[in-house]
1. Separation between the GLN33 and LYS83 pseudo-spin-labels, each 7 Å from Cα along Cα→Cβ, expressed in nm?
2. Apply the membrane-span-like helix rule to the chain: whole DSSP H runs, Cα extent along the own long axis of at least 24 Å, mean Kyte-Doolittle hydropathy at least -1.0. List the helices found.
3. Rounded to the nearest 0.05, what FRET efficiency do ASP15 and SER171 have when you use their Cβ-Cβ distance and R0 = 41 Å?
4. On each of the three principal axes of the Cα atoms of the stretch 1-105, give max minus min coordinate, whole Å, ordered largest first.
5. How many Å² of accessible area per residue for the chain, probe 1.4 Å?
6. Cα gyration tensor of the chain, axes a ≥ b ≥ c as square roots of the eigenvalues: rounded (a/c below 1.5), prolate (a/b > b/c) or oblate?
7. Can you check what the net charge comes to around THR3, using other residues whose Cβ is under 15 Å from the Cβ of THR3 (Lys, Arg +1; Asp, Glu -1)?
8. Which percent of the accessible area of the chain is formed by carbon and sulfur heavy atoms (probe 1.4 angstrom)?
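The values are calculated or read from the model by the stated rules, or taken from the named source; none is laboratory data. Keep in mind that this is a model prediction, so the values were computed, not measured. Note that we place each Cβ from the backbone using ideal geometry, even for glycine, and neighbour counts take in every protein chain shown. Ligands, DNA and RNA are excluded from the accessible area calculation, which covers all protein heavy atoms including side chains. Shrake-Rupley method; radii C 1.70, N 1.55, O 1.52, S 1.80 Å.
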Amino acid sequence: MATRHLYIARHGDADAFGNLTATGREQARLLGQRLTHLPIDAVWHSPLPRAADSAQQLNLFLTGSAPVYEAAELIDHVPYVPKPEETPSSWIPFFDGFDRAEAESGHTTARSLTARFAGPPAGDDDVHEVLITHSYPIAWLIRDALDAPEVGWLGLNSANAALTVVEYRPSAPPSIVMVNEMSHLRPELRWTGFPDALRP
């Protein structure tokens, strides 16, 4: 039974312009070292520079043998704008500026993301793919794997270069192997993506 193994990670730490910092490059390289023993078939990344650069950095440790591709579905986007009655009070200001067209566009992208990556492989062979994306698409993929309501992506955060692994097999629910795992990062590199109060 063929299995799709998705190794999903948020890009490395980025500056205010969306470019990787020195910390972000190191995080991506350490993630690459973490994955180096795996038979990676492809590395997919968001079109944004911080994700594309992270993919290139980690691929240095995959011996450069894994092809690296851009996937529009991995772009940073809000996957689902909840209805007012679904929205936790703390999130209401965040969604205040979204119009219907923007919300529908994000939801279309989210559905395309799961249609493309969140399922078993088409053939008879196992597939090992790395996705370098952003916190919200990762939250959406986790929500989908849990078969949670669409609003369930809220509150799922991912640290920079943290690893989430989901496996997809035919005729079986997705299997979440790990979420937001950071053991490949030194302690001082693990705080990014979290509030200041949670830094070591």
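1. 5.0 nm
2. Details: long enough: 100-117 (26 Å, -0.78).
For the chain, where a helix must reach 24 Å along its axis and average at least -1.0, the hits are 100-117.
3. Values: r = 45 Å, r/R0 = 1.10.
E between ASP15 and SER171, to the nearest 0.05, is 0.35.
4. Each principal axis gives a Cα extent; for the stretch 1-105 these are 48, 42, 22 Å.
5. Values: 9650 Å² over 200 residues.
I get 48 Å² per residue for the chain.
6. Numbers: a/c = 1.68, a/b = 1.16, b/c = 1.45.
Oblate, since a/c reaches 1.5 and b/c is not below a/b.
7. On the way: positive: ARG4, ARG169; negative: ASP41, ASP124, ASP125, ASP126, GLU129, GLU167.
Taking every other residue near THR3 into account, the sum is -4.
8. Values: 5060 of 9650 Å².
Carbon and sulfur: 52 percent of the exposed surface of the chain.
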